[in-house]
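The values are calculated or read from the model by the stated rules, or taken from the named source; none is laboratory data. Owing to the predicted nature of the structure, the values given are computational and were not obtained by experimental measurement. Don't worry about glycine lacking a Cβ; one is built from the backbone with ideal geometry, like all the others, and counts go over all protein chains shown. Just so you know, the surface numbers come from the protein's heavy atoms only, side chains and all, with ligands and any DNA or RNA stripped out. Shrake-Rupley method; radii C 1.70, N 1.55, O 1.52, S 1.80 Å.
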Amino acid sequence: MRFDIFCHIVDHFGDAGVCLRLVRRLALTDFTPHDHFTSSDQDSLRLFCDQPELIKTLAGEAMLYELMVHGVEILPWESATQSLSREIFPDVVIETFSCELPEEYLTQLKSIHIPLIINVEYLSAESWTVEAHGLPSPPSHADDWLRYFYYPGFLPNSGGLLQGKLPVIEDYQEDVPRSLEQVWCQLRSASDAKRVCIFTYGGDQLIRFLNQAKANDLPLDLLLCDTPAIQTTEQWLGETLTNPITRNHLQCIAMPFIPQDDFDWLLFHCDLNLVRGEDSFVRAQFAGKPFIWDIYPQDIDAHVKKLDAFLEVYLTDASPNARQAVLKAMHWQELSHWWPELQAISQHAIIWRQKLMKSQIHGDLAHRLRDFIQEKLKQG
């Protein structure tokens, strides 16, 4: 089966990270056995992206090789219009995050083959997304195409989450990835300092966090990922982070760019993760560690509703102490008001991780998406 997946990057690593993880998971999963899905031929998956080099950098050499072996191509967006023929055309087209498919590509497809088109949307815990999951969007005019909306989510009747291989909590002493070896040598021992990964949009919220951490004399190794967090911290320090810089008990370290798998490893080995976007938000949960989601501000405070909807699901079974502490942390309240409950937050994060894994025991987003595709193609 042939898949064409389209990715238009808006939130830089967030959109790129999700699309890379999606194509990888689809490449590593199979259809549920069925009468007309018995072919042993390898799937072909083409990821068309307006920033293909970012996707490749995010993947790293090892993953790129894995993808190639499993029939994945990462191609420039504009090459989609030169990629079709009567012998080579997609059975399924996936447009991520409502990106608009190239008009010329659609015109060419119409003369060759009408594929199944699925729009994989942004993740949300809002109840309406479950109600809308899997629904068709009927063509509004003669030249329009039928599409199906696929909504990722946390509930069994949602589209699920991209999971993949996860670290084993008991196996904490794993080898440090090569991309992190130099940084890891600069860290204090786990008993002397907590490790905090900071991958946020920077700005005033991060400045307040730094001020409060310094004022409370917290021994923290701060691992600063990507430009916004690094630049905000340099502004706070009044210095460039060429090398690690210490203020009171804080050690600030500017992280090098690391591949996606190594970033997952980093989240798992930190005591607190400050994350942004969608991909790192989900990976922080699968890491089973305390985290704060620096959710991107939206018009009419839509992001507040999205955060509250997630917290309602996330804190369903939380202890009173953990619940209050998480709410304070997620709303960036005074650090001293929730830091003493870090252990309770950590215990809840582990329980939530186990709950997520159990909810996907019969298949993550990739498996559910393949089942959805199989059902629609069977219906014709």
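Computed from label points 7 Å out along Cα-Cβ, the spacing between residue 317 and residue 249 is 3.4 nm.
Here the accessible area is traced with a 1.4 Å probe on the protein chains. For the chain, carbon and sulfur cover 51 percent of it. Across the range 195-205, computed HN-Hα scalar couplings (Karplus, 6.51 cos²θ - 1.76 cosθ + 1.60, θ = phi - 60°) run 9, 10, 8, 10, 10, 10, 7, x, x, 4, 4 Hz from first to last residue, x flagging Gly and Pro.
If R0 is taken as 41 Å, the Cβ-Cβ distance between residue 85 and residue 378 corresponds to a FRET efficiency of 0.95. For the chain, the longest stretch holding no trypsin sites (Lys or Arg not before Pro) located in a DSSP loop with at most 12 other Cβ atoms within 10 Å is which? So the longest stretch without any such site is 166-380. Under a 5 Å amide H cut-off, with hydrogens placed 1.01 Å from N, residue 44 pairs with 2, 3 among residues at least 5 apart or on other chains. Computed on protein heavy atoms with a 1.4 Å probe, the accessible areas place 352, 339 in the order 339, 352, largest first. Amide H to amide H distances under 5 Å link residue 247 with 252, where only residues 5 or more positions off or on other chains count and H is placed in the peptide plane.
Taking amide H as placed 1.01 Å from N in the peptide plane, the amide H of residue 9 sits under 5 Å from that of 50, 51, each at least 5 places away or on another chain. In whole angstrom, the range 140-272 maps to an equivalent ellipsoid with semi-axes of 35, 21, 15, each derived as √(5λ) from the alpha carbon gyration tensor and ordered largest first. Subtracting the Cα-Cα distance of residue 144 and residue 342 from their residue separation scaled by 0.36 nm leaves 66.1 nm.
The phi torsions of the range 208-223, fed into the Karplus equation with coefficients 6.51, -1.76 and 1.60 and a -60° offset, translate into couplings of 4, 4, 5, 4, 5, 5, 5, 5, 8, 6, 7, x, 10, 9, 9, 9 Hz, rounded to whole numbers, with Gly and Pro shown as x.
Heavy atoms of the protein only, probe of 1.4 Å, neighbouring chains included. What is the accessible area of residue 201 in Å², nearest 10? Roll a 1.4 Å probe over it and residue 201 shows about 60 Å².
Just so you know, the Cα atoms of the range 88-150 work out to an Rg and Dmax of 12.8, 39 Å.
Semi-axes, largest first, in whole Å: what does sqrt of 5 times each Cα gyration tensor eigenvalue give for the chain?
Numbers: eigenvalues 300, 100, 77 Å².
Ellipsoid half-lengths, sorted descending, are 39, 22, 20 Å.
The label-point distance for residue 211 and residue 362, in a model that sets each label 7 Å from Cα toward Cβ, rounds to 5.1 nm.
Students sometimes get this wrong: rank 330, 68 by accessible area, probe 1.4 Å, all chains present, largest first.
Order by accessible area, largest first: 68, 330.
Under the criterion of Cα pairs below 8 Å and six or more residues apart, the relative contact order for the range 105-261 equals 15 percent. Of the two radii for the range 293-350, the radius of gyration is 0.99 times the Kirkwood radius, both from the alpha carbons; that is the Rg over Rh value.
Taking every protein chain into account, the accessible area of the chain amounts to 47 square angstrom per residue (probe 1.4 Å). Nearest 10 degrees, 0 to 90: what angle lies between the long axis of helix 103-112 and the longest principal axis of the chain (Cα atoms)? Tilt relative to the chain: about 40 degrees.
Treating r as the C-beta distance of residue 355 and residue 111 and R0 as 51 Å, the FRET efficiency rounds to 0.60.
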